[in-house]
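Undergrad: Have a look at this one.
The values are calculated or read from the model by the stated rules, or taken from the named source; none is laboratory data. From a predicted model like this one, the values you see are computed outputs, not experimental measurements. Note: ideal-geometry Cβ built from the backbone for every residue, glycine included; neighbour counts use all protein chains shown.
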Amino acid sequence: MFGLSLHILDLIEHFIQAHVSALSVAVECDRANGILKILLKDNSTGVASVSDAAKGSPLKHMKNSSREIDLKRLNDTASKTDGIFKIGKGEVGEAIVTGTVKLDSIKGDIHDDLAVMLSSIVCTNPDLDLTFEFRICEENCSMRVSDIKNRLPPEKSGGLTLARAVQEKIKAELEVFKEFQERRSILNFTVCPFCSCGCQAIPRKSVQGNLTGLVPSRRHPVSAGSLCIRGWNSVDYIYHPDRIDAPMIKKDGGQIRCTWKEALETAAEDLKNVLHKWGPDSIGFIGSPRCSNEDNYLLMKMARQVVGTGNIDTGSRLTYSPIFEALYDSYGIGASTTSLENVSEAELILLVGADVTGCSPKAASRIFQALNRKATLIVVDPRCTKIAKQATHHWKIRPGSDAYWISGMISYLIKENKVRADLLGGENAGFMELKKEAGLFPMSLAETKTWIPEDSLRMAADLLASVKKAVFILGDGIGSFDEMKKTVYGLANLAFITGHGGRNGSGILVVGGENNTQGAWDMGALPDRLPGGIPIAGCDVETRARLNFRMPPTVGQDYRQILHGVMSGDIRALYVMGENLLAFHEEDKAFSDALGRLELLVVQEIFSNPLTAMATVVFPASAPYERAGTVTNLERRVQRFQPIVKSRGDTRPDWEIIYNLSKAMGAGFTYRTVWDVNAEIASCVPFYEGLNPRLPANDENGFLWPKSAKNENSQPRLRQNWEGTIHGSYPQEGYGEETDEEFPVVLILGRLPSFWNTGTRSSRCPLLHREENRSHLQLHPYDANRFQVREGEKVRIIHRSGIIHTSAVLKEDLPAGVAFLALHSVDGRFAPTGVRRIPIWVES
Amino acid sequence: MFAVNKIPISGLGEDRTIKEKHMISTILKDDFFTVLRGLAKTSRMIAPVMLSNGELLYDRIQCIEDVSLQPGIPIMSAKEFFFSSCEELFRFKRIGTDAIDFVQPEEAEACVFLGIRSCDLNGVRYLERFYKRKFNDTTVTKKIEKTVFISLGCLDPGEQCFCACCDSGPFLSDGFDAQLTDLDNRWMVEIATARAETLLRPYDNLFTPATDADLNERKNILSCVDSKFTRRSFMAMGVKKVSLGAVEEEVWEAFGDRCISCGSCVFVCPTCSCFNVLDREIGEEGVRLRTWDACSYSGFTREVSGHNPRPRAADRLKRRFFHKLSYQTTKDSGRLGCMGCGRCVVSCPSLADISTFVTTLRSVRTV
Amino acid sequence: MENIYMPLKARVVSVTNETPDVKTFKLRLDNGDGACIPFLPGNFLEVSSFGAGEAPFCISSSPTRNDAFDITVRSVGSVTSGLHKMKPQDIVGIRGPFGNHFPCSAVQGRDILFVGGGIGLPPLRSLIHYMLDNRDDYGDITILYGARTPDDRVYKRELDQWAGRKDVLFLETVDVGSKSWSGRVGVVTILFDEIFVRPKITTAFTCGPPVMIKFVIQGLLKMGFRPDNIVTTLERYMKCGVGKCGHCAVGEKYACTDGPVFTFADIQKLSEKP
């Protein structure tokens, strides 16, 4: 045992001699200031922790104590420690010993030291109620010796055995923290919380310790030394005054701030009531593709295990879930089948329905690299986007007709016998179906329906059949909710039959989502699937058993059905995490009223908004930079992010809130840190085995799931010879016909790079807000003429379910008959989302 | 070499960075670490830190063991310690609508900047000149004045480095207080200012004056380093063509089409100096902040009326390259606005950086 | 050494409503002795509405009547709407005066032609008052003013005063008339036909919306004016006012330190189109 621990031991002696019955030892590692804080406290009157002591909270349940600690002698001992320790007095005369030690003056291994020291105390004083807490970087571990004692068999809980058990326990706990100590670096990495690229960034702080910005990691395979406009300029929002920094509950017609205890109790109470009165299917849970894997996993666990409902889903239902489902059905995984690295090495890239330079800049960057290697780029987008300007071929497709060109190409390749027969394996039923109907979709039909010239389509098909490495990059612009799945089946089929489904550097990459769209899906925040995307219906007992749920999982309502349920009254309680349901539904008063009629509305958010204003209980969540966890990016890369700044006010990480609430409802599971949730995910979610924080090969760059059996650095390929399943993908009659006399122009909806989704965060960052502070309707001059609208004029966009107010800008590079509007809170309000195209009429 | 009117005429093979007036000595590396420990006790220190993934980053040092003088270029330039990415210009507290109190920002503190690369130090000096011109911006210049720079010459240029083409490295002849050369088991230390001399005097006994053999070794090192550069950017030609307006519109368009206006090149650049000023307030108290800004963003010049003089990425890129390659050479006594650090080469996602631009000019026929 | 970003405290002395969205604020330094910082016509101030931010405004009063600064502000953004909430005695911040100035002394003895449009009149007003207060130093003075509608005319009272003076020729027009408007209707360039100027001995000063300036300068050149005798102000988004932040840079010049006053000849020489 070395210096520091001996000092602590000396001081503890005094407490013991004074017959103190409960003692707490807390050690906090303050790496920002390079010091270790130590607190020793006579704990006979309550539970203490470093944070409590720091806040000076008065201890409750004071007992009359007959013990007397000789403060003078304690002082003498403390002063012998080179002034490291000081004596203070607690609220009621108890002694508190505090000390700060410079981190770099500590020689040797403090963890082992403390473990040995504490265990020796326990050995000689087995009746002392000792609490130990170690805190570092917003994570803490604490334990009471009595807990350890209780877990030992009675005959073995004597002094020496107990001491050994304590020592083992402390050492095991501190293993996790050891890696923090061992890193000489004083910086934690974080992952950018905006798009699904998942760039790794390093925080920069001012002298006062405020977060001033992020800089990119150079060696990271995604960020590669570069961030986008969002990554560089988006830390300001955590300091914005609109942050919710304390829990709130509805009382007397308004909302008041309250303690966590009150908020949790109210929510638990109400939830139990609703559960009892109306049953589990009256409760809905909305997860978030912006929250970490642990958050979504726990929400799913709470929904399925604690409440027993299957009504859990995220907003991705309208955008990315259909894509993942189609890929799952086709390839066995609900995710991209290739990686960013493969994009830069592709010979042919087909970019469909995504404006990558804005929504997934890293994918765009890899495309530029591929172009530098003379790759062919085909961009399928009615708009002349930045990436379209670089394309070898730009197909200005008629919006919503993707299924036709895909089918056209499939037909053509089948007829020309240019498919990869070796991969189709003999009598592939799906393929037979495709073959049967191939004649119905000649190239000429494709041209008529899509406005893409036949020759171009044929050229592309030939190229696809001949190159070795081809990548399909797919965004949610590929279609509206109702047809997306089928269209993606088509794309998956096309990739499969040409041998580019996910082998040898080819594959499909899904871009444009949020930072954890993939992870939220993988974690099973879905009504009809378990974690890993396994459909509940028909999944085997073993899979269910792995999850260890109290109740067997049931199929529930999806996002749209839950919201309809709110309107119809079937849903009585709603738990919303990180989603503003009213953002683009605000015009819809009926929905807003229905929300007001819920018996319980719990909203977990970082900023106040109209939804939080009507919530029964508001839980303030920590922002991404204030907490730890993992997220999964577009190429299935699972990455850890660390807290880089202290939590604002009284906020807590999402997972912790859900966990606290679950506990308040009587759940039996226990987690101490987010890494415990992590470990559980590793043990039961397919493909996430690599997540275990105690695995040695847990490198900073994360891993692409699935990790190989030997825990080596993961392969971007899935398997060498995988089998895909072909599903019917030919479009039905009448598909895609939407416009008519009344609504002759198709409006496609998109996004501005600096106004991210609903702008909750990005509009609160000054440079992002300044960048695109307006949105405009982009019209072709022909259509502008038709509607008699001039450049810059204010216009009303009229569609079947409402009106949007904005101003018009004339663009010649749009095809006639197509208009474009970017989501924006000032000029781009509309409802509902998830619809990518609407027929419109415009008037000034 | 012989001097004519005290200006030494240097020819090939001469070490043009060694000045006669510099005090040159060597010190064993272990001893130097002792010096650093001593310095760290008395002054604040900024130095490169090695992160857990092996990358380097300049940072404020709390623990001397964090200092890394390993080769490699730090992720960000040194400007963030002087021209901060988010700086409090002053705080204010309103008392009603008719009175207000100001709180001045804290005084800049003296510190030692150890291990700054030549390109980055040159960038700091450039910024010093810029922020002193006409109106002296003390929020930046004072910090620079109070810093003692112990720079580190690079022996291992990376693929992206072209400081030699910009007269900005790998070793400098002035601008530093002391310059280090890695002589394997020793450091060669050239002291150029009295400040550095005073700082290091207490450790005098650990230093040995440089011998001719040492100077020879240094000379060999320099010529060896020169040959390690793989990137040649013909900056002088770039300056000429851009200044004469002899770059065709198609070239600007091609680069503008590729530039996605992410701002990365601006934020990593040692000489970029544009900023935004905004107020942030909570209740009656507030602070006026200055944050980095980038001329690559379309909102940078957009006027309140909505009119934007530089609406296209090509316009903004044109402005940026003009600024770096042309105006600066006329305004700044012929010195280039680009330090050749190559960070923009690494961080540009679409090959629209200045080195690629200058190289492209070589192959494009001009008017 | 002083912090160049630290504003001086100034108090609002009076607020005048010029048009529905334009107000003129009279500001006086709150430094005890009420002294004014010397300035010349063409200079601008960086005015802070604390909490909203800071923005540049040209000084629309003349140094010859220098007990206070006048700034004329249209409410368009957060800073300007913050200022519009101010009442007399409220505190604002002032930095400056910055920028270059109109060539008041260089044009002594010459005839002067002012052409102002809408919210472009404020910078000219400073020079107009300066010249009227030093009337003998200048030859014929002609003032032409064009506004969008009669309600959008700024300094309505002073316009009437100028119209009444014998030593200047004041003509004005509006783009769109109204029932109560009995004056001319049309763009400001129609007034060129009604005046007689001798381009060789006249210097023209013009400020206004960019579109208006373009046509005015075209007209002036047609009348025979030389580019270096046409003086205008360059409009750019400005932030710091001291040539550091980079927002107002045009080519190799900064509009806040090398301008905002430029002759048309200077503008033609700029390597970037403004």
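Undergrad: Based on what the data block shows, is residue B:302 among the charged types (D, E, K, R) and either surrounded by fewer than 19 Cβ atoms within 10 Å (Cβ to Cβ) or not in a strand (DSSP E or B) (or both)?
TA: Yes.
Undergrad: Would region B:266-284 turn up any residue that is on the phi > 0 side of the Ramachandran plot, more than 7 Å from every other protein chain (Cβ to nearest Cβ) and assigned to a loop (DSSP other than H, G, I, E, B)?
TA: yes
Undergrad: So, residue A:767, is that one in a helix (DSSP H, G or I), modelled with pLDDT of 80 or more and within 33 Å of the chain's Cα centre (by Cα) or not?
TA: yes
Undergrad: If residue A:818 satisfies every condition in (1) in contact with a Phe, Trp or Tyr (Cβ under 6 Å, 6 or more places away or on another chain); (2) surrounded by 18 or more Cβ atoms within 10 Å (Cβ to Cβ); (3) modelled with pLDDT of 80 or more but one, which is the exception?
TA: The number of the failed condition is (1).
Undergrad: Moving on to the next point. Please give the number of the condition residue B:38 fails out of (1) assigned to a loop (DSSP other than H, G, I, E, B); (2) in contact with a helix residue (DSSP H, G or I) (Cβ under 7 Å, 6 or more places away or on another chain).
TA: Residue B:38 satisfies all of (1) assigned to a loop (DSSP other than H, G, I, E, B); (2) in contact with a helix residue (DSSP H, G or I) (Cβ under 7 Å, 6 or more places away or on another chain) except (1).
Undergrad: Return the pairs, sorted by first residue and then second, in which the second residue is assigned to a strand (DSSP E or B) and polar (S, T, N, Q), the first residue lies in region C:1-22 and is closer than 20 Å to residue C:67 by Cβ and more than 8 Å from chain B (Cβ to nearest Cβ), the beta carbons are less than 8 Å apart, and the residues are 6+ apart or on different chains.
TA: Every condition considered, the pairs that remain are C:7/C:48; C:15/C:24; C:16/C:24.
Undergrad: Let me ask something else. Count, please, the residues in region A:327-359 that happen to be closer than 11 Å to residue A:387 by Cβ and modelled with pLDDT of 95 or more.
TA: 2
Undergrad: Considering every residue within region A:578-590, establish whether at least one is crowded, with 16+ Cβ neighbours inside 10 Å and assigned to a helix (DSSP H, G or I).
TA: No, because not a single residue in region A:578-590 is crowded, with 16+ Cβ neighbours inside 10 Å and assigned to a helix (DSSP H, G or I).
Undergrad: Something else: Quick one: in region C:70-82, of everything that is outside any loop (DSSP other than H, G, I, E, B) and within 12 Å of chain B (Cβ to nearest Cβ), which residue is surrounded by the most Cβ atoms within 10 Å (Cβ to Cβ)?
TA: Within region C:70-82, the match that is surrounded by the most Cβ atoms within 10 Å (Cβ to Cβ) is C:73.
Undergrad: Take residue B:233 and tell me if it is touching a residue at least 24 places away in the same chain (Cβ under 8 Å), polar (S, T, N, Q) and outside any helix (DSSP H, G or I).
TA: yes
Undergrad: Also, quick follow-up: Within region A:451-523, considering only helices (runs of 4 or more DSSP H) that don't extend past its boundaries, which have at least 1 residues that are surrounded by fewer than 24 Cβ atoms within 10 Å (Cβ to Cβ), in contact with a helix residue (DSSP H, G or I) (Cβ under 8 Å, 6 or more places away or on another chain) and at pLDDT below 90?
TA: In region A:451-523, the matching helices (runs of 4 or more DSSP H) lie at A:481-497.
Undergrad: Anything in region B:99-112 that is at the interface with chain C (Cβ under 7 Å from one of its Cβ atoms) and crowded, with 18+ Cβ neighbours inside 10 Å? List them, or say none.
TA: Hit for region B:99-112 is B:100, nothing else.
Undergrad: In region A:212-228, which residue that is at the interface with chain B (Cβ under 7 Å from one of its Cβ atoms) and assigned to a loop (DSSP other than H, G, I, E, B) is farthest from residue B:346 (Cα to Cα)?
TA: A:228
Undergrad: Could you please give the count of residues in region A:229-252 that are over 19 Å from the mean Cα position of the chain (by Cα) and either closer than 30 Å to residue B:73 by Cα or within 8 Å of another protein chain (Cβ to nearest Cβ) (or both)?
TA: 6
Undergrad: Anything in region A:225-252 that is crowded, with 20+ Cβ neighbours inside 10 Å and of a type in the set (Gly, Ala, Ser)? List them, or say none.
TA: Listed by number, the residues that qualify are A:225, A:226, A:231, A:234.
Undergrad: Only one residue in B:115, B:123 is more than 14 Å from chain A (Cβ to nearest Cβ) and under 21 Å from residue B:275 (Cβ atoms). Which one?
TA: None of the other options fit; the residue is B:123.
Undergrad: Output the residue which, of all residues in region C:244-274 that are crowded, with 21+ Cβ neighbours inside 10 Å and touching a Ser or Thr at 6+ places or on another chain (Cβ under 6 Å), is farthest from residue B:304 (Cα to Cα).
TA: Applying the filter and picking the extreme gives C:261.
Undergrad: Okay, next question. Of the residues A:410, A:406, A:387, which is farther than 26 Å from residue A:726 by Cβ, assigned by TED's automatic domain parsing to the domain that holds residue A:497, in a helix (DSSP H, G or I) and out of contact with any His (no Cβ under 6 Å at 6 or more places or on another chain)?
TA: From the options A:410, A:406, A:387, the qualifying one is A:387.
Undergrad: Is one or more of the residues making up region A:285-299 assigned to a loop (DSSP other than H, G, I, E, B) and aliphatic (A, V, I, L, M)?
TA: No; the residues of region A:285-299 include none that is assigned to a loop (DSSP other than H, G, I, E, B) and aliphatic (A, V, I, L, M).
Undergrad: Tell me whether region A:544-566 contains one or more residues that are in a loop (DSSP other than H, G, I, E, B), under 30 Å from residue A:190 (Cα atoms) and in contact with a Gly (Cβ under 7 Å, 6 or more places away or on another chain).
TA: No - not one qualifying residue is present in region A:544-566.
Undergrad: Related question: What residue, among those in region B:203-232 that are within 19 Å of residue B:155 (Cα to Cα) and among the hydroxyl-bearing types (Ser, Thr, Tyr), is modelled with the highest pLDDT?
TA: B:230
Undergrad: If you don't mind, another one. Please determine whether any residue of region C:129-151 is surrounded by 14 or more Cβ atoms within 10 Å (Cβ to Cβ), in contact (Cβ under 8 Å) with a residue 60 or more places away in the chain, within 19 Å of residue C:216 (Cβ to Cβ) and under 19 Å from the mean Cα position of the chain (by Cα).
TA: Scanning region C:129-151 turns up at least one residue that is surrounded by 14 or more Cβ atoms within 10 Å (Cβ to Cβ), in contact (Cβ under 8 Å) with a residue 60 or more places away in the chain, within 19 Å of residue C:216 (Cβ to Cβ) and under 19 Å from the mean Cα position of the chain (by Cα).
Undergrad: Can you name the number of the only condition in (1) modelled with pLDDT under 90; (2) assigned to a strand (DSSP E or B) that residue C:25 fails?
TA: All conditions pass for residue C:25, except number (1).
Undergrad: Look at region B:73-98 and say how many of its residues are more than 10 Å from chain A (Cβ to nearest Cβ) and either in contact (Cβ under 8 Å) with a residue 12 or more places away in the chain or in a strand (DSSP E or B) (or both).
TA: 12
Undergrad: So which of B:290, B:258 ends up being within 12 Å of chain C (Cβ to nearest Cβ) and of a type in the set (Lys, Arg)?
TA: Answer to the check: B:290.
Undergrad: Select from region A:269-321 the residues that are over 30 Å from residue A:511 (Cα atoms) and aliphatic (A, V, I, L, M) and list them in ascending order.
TA: Residues satisfying the conditions are A:271, A:274, A:275, A:283, A:306, A:307.
Undergrad: Right, here's the next one. Quick check: anything in region B:146-162 at the interface with chain C (Cβ under 10 Å from one of its Cβ atoms) and under 30 Å from residue B:279 (Cα atoms)?
TA: No, region B:146-162 contains no residue that is at the interface with chain C (Cβ under 10 Å from one of its Cβ atoms) and under 30 Å from residue B:279 (Cα atoms).
Undergrad: Then there is this: Going by the structure shown, is residue B:364 β-branched (Val, Ile, Thr), away from every other protein chain (no Cβ under 11 Å) and surrounded by fewer than 20 Cβ atoms within 10 Å (Cβ to Cβ)?
TA: Against the criterion (β-branched (Val, Ile, Thr), away from every other protein chain (no Cβ under 11 Å) and surrounded by fewer than 20 Cβ atoms within 10 Å (Cβ to Cβ)), residue B:364 qualifies.
Undergrad: Ok, one more. Are there any pairs with C-beta distances below 7 angstrom linking a residue in region C:87-111 that is away from chain B (no Cβ under 14 Å) to a residue that is surrounded by fewer than 20 Cβ atoms within 10 Å (Cβ to Cβ) and aliphatic (A, V, I, L, M), with the two at least 6 apart or on different chains, and if so which?
TA: Taking only residues 6 or more apart or on different chains, the pairs are C:110/C:201; C:111/C:197; C:111/C:201.
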